[in-house]
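Enquirer: Dropping the structure in here first, questions after.
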Amino acid sequence: MQAKRRIGLCFRFALFYFRGSRMKIEKVLNNNVAVTRNEQGREVIVMGRGLAFKGKPGDGIDPEKIEKTFIITDEGVADKFQQLLANIPMAHMLMSERIINYAKIKLGKRLNDSIYVTLPDHISTAIYRYKEGILLKNPLMWDIRRFYRDEYEVGRKANQIVLEETGVEFLEDEAAFIAMHFVNAQLGEQMSNVYDITYIMQEVCNIVKNNFQMEFDEDSLDYYRFITHLKFFAQRLRSGTHYEDDDTELLEVIRYKHRDAYECTEKIKGFVQEKYKYELGSEEMLYLTVHIARLTRKTNRKGVQ
């Protein structure tokens, strides 16, 4: 049998190739996908063109037709993964896997297994939408480009891959939608929560920009650190959690040392308290003040348009 191309899957997904002939169909998902079990009795999904055509439970599986094999140990994702494979073209799944593999290298971060469900589902649905002339605008595209630059580049690469493999040309808005799936896979949040987090980041950034009458240097390390902190600050705000320890003494030192930055943090505190009923503790204020101080000290100030 000709050797198959190896493409690793993320963490609790493992990719294996079977050369034995004892595998039997346990469940047919579609003509190209079936569920079986390996020698250890673990549930396995096998993919290949025509692999399960006219097949039924108990039939043997021709190992020559197997192109990819997935062993899934995350029970929370397994059922959804099977449902997805039963309902989207195999080509869309393989294309999404190519995008995910690129993202793993580009981002260098752990991704939640849910990405293997959410991204193929989005890609497949979007392809059909575009073919029907339904093009959706992303209201947060510019903020996604600013806040999640690496993920946005993954989205742009995804657009390129889709164009190469299907001839469907996604808009830049779609790159932003795809980027959010990778943000979601890192934060472990529901997609609606990720958009809420992005809105909160936008609001806080606007407070800082307006307070100092400045524009950010989005290529600076201080901006990157600030945005990274805001992601998790917004996540804590959204979930109603706080830092466990409060260091009021150190906050007083920082307050004295960075008075302008602290005053800006006070404005942020009042805003989130009024809008989100979230109380900033001294630890949270300390970190925000330090990040704002660094950001505003090293950024060229420009008049806000």
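Every number in this text was worked out from the coordinates using simple rules, so none of it is lab data. The structure presented is a predicted model; accordingly, all values stated were derived computationally and were not measured. Cβ placement follows ideal geometry from the backbone for every residue including glycine, while neighbour counts extend to all protein chains displayed.
Enquirer: In whole Å, largest first, what are the principal axis extents of the Cα atoms in region 183-255?
Expert: Principal extents (Cα only, largest first): 37, 32, 21 Å.
Enquirer: Calculate, in nm to one decimal, what N210 and L94 gain on full extension: separation in residues at 0.36 nm each, minus their alpha carbon distance. Mind dumping the intermediate values first?
Expert: Numbers: separation 116, 0.36 × 116 = 41.76 nm, distance 4.58 nm.
Stretched fully, the N210-L94 segment lengthens by 37.2 nm.
Enquirer: Report Rg(Cα)/(2.2 N^0.38 Å) for region 88-128, keeping two decimals. Mind dumping the intermediate values first?
Expert: Numbers: Rg = 10.3 Å, N = 41, 2.2 N^0.38 = 9.0 Å.
Compactness ratio reported: 1.14.
Enquirer: Same structure, new question: Find, to one decimal place in angstroms, the Kirkwood hydrodynamic radius of region 158-280, where the mean of 1/r is taken over every pair of different Cα atoms and then inverted.
Expert: Working: mean 1/r = 0.0595 Å⁻¹.
That comes to 16.8 Å for region 158-280.
Enquirer: Something else: Net charge around R149, counting only other residues with Cβ within less than 12 Å of its Cβ (Lys, Arg = +1; Asp, Glu = -1)?
Expert: Values: positive: K106, R145, R146, R156; negative: D143, D150, E151, E153, E218, D219.
Here the count lands on -2.
Enquirer: Moving on. Determine, for each peptide in 140-152, 264-276, the mean count of other beta carbons within 10 angstrom over its residues, then list the peptides with the highest first. Walk me through the numbers on the way to the answer.
Expert: Working: 140-152: 19.8, 264-276: 16.6.
Those peptides, ordered most packed to least, come out 140-152, 264-276.
Enquirer: Rg/Rh for region 113-159: what does it come to with C-alpha atoms and Rh from Kirkwood? Mind dumping the intermediate values first?
Expert: Details: Rg = 12.0 Å, Rh = 12.0 Å.
When Rh is taken as the Kirkwood radius, the ratio is 1.00.
Enquirer: What do you get for Rg/Rh over region 214-268 if you use C-alpha atoms and the Kirkwood form of Rh?
Expert: On the way: Rg = 13.2 Å, Rh = 13.2 Å.
Ratio of gyration radius to Kirkwood radius: 1.00.
Enquirer: Given charges of +1 on the Cβ of Lys and Arg and -1 on the Cβ of Asp and Glu, with all other atoms neutral, how large is the dipole of region 93-244 about its Cα centre, in debye to the nearest 20? Working shown, then result.
Expert: Values: 18 positive and 23 negative charges, 50 e Å.
The dipole of region 93-244 has a size of about 240 debye.
Enquirer: Mind computing the radius of gyration and Dmax over the alpha-carbon atoms of region 84-241? Å is fine for both.
Expert: Cα only, region 84-241: 16.2, 54 Å (Rg, Dmax).
Enquirer: Using θ = phi - 60° and the Karplus curve 6.51 cos²θ - 1.76 cosθ + 1.60, what whole-Hz ³J(HN,Hα) does each residue of region 27-32 get, with Gly and Pro shown as x?
Expert: 7, 9, 8, 6, 4, 10
Enquirer: Considering only Cα-Cα distances, which of the following residue pairs are longer than 28 Å: K157/K275; K109/K267; K80/K157; K68/K106; K24/K80; K131/K231?
Expert: Working: K157/K275 37 Å; K109/K267 33 Å; K80/K157 26 Å; K68/K106 23 Å; K24/K80 22 Å; K131/K231 35 Å.
Checking Cα-Cα distances, K157/K275; K109/K267; K131/K231 exceed 28 Å.
Enquirer: Let's test this: bin the Cα-Cα distances of region 80-167 at 10 Å from zero up to the farthest pair and state each bin's percent.
Expert: Cα pair-distance distribution for region 80-167, in percent: 15, 47, 35, 3.
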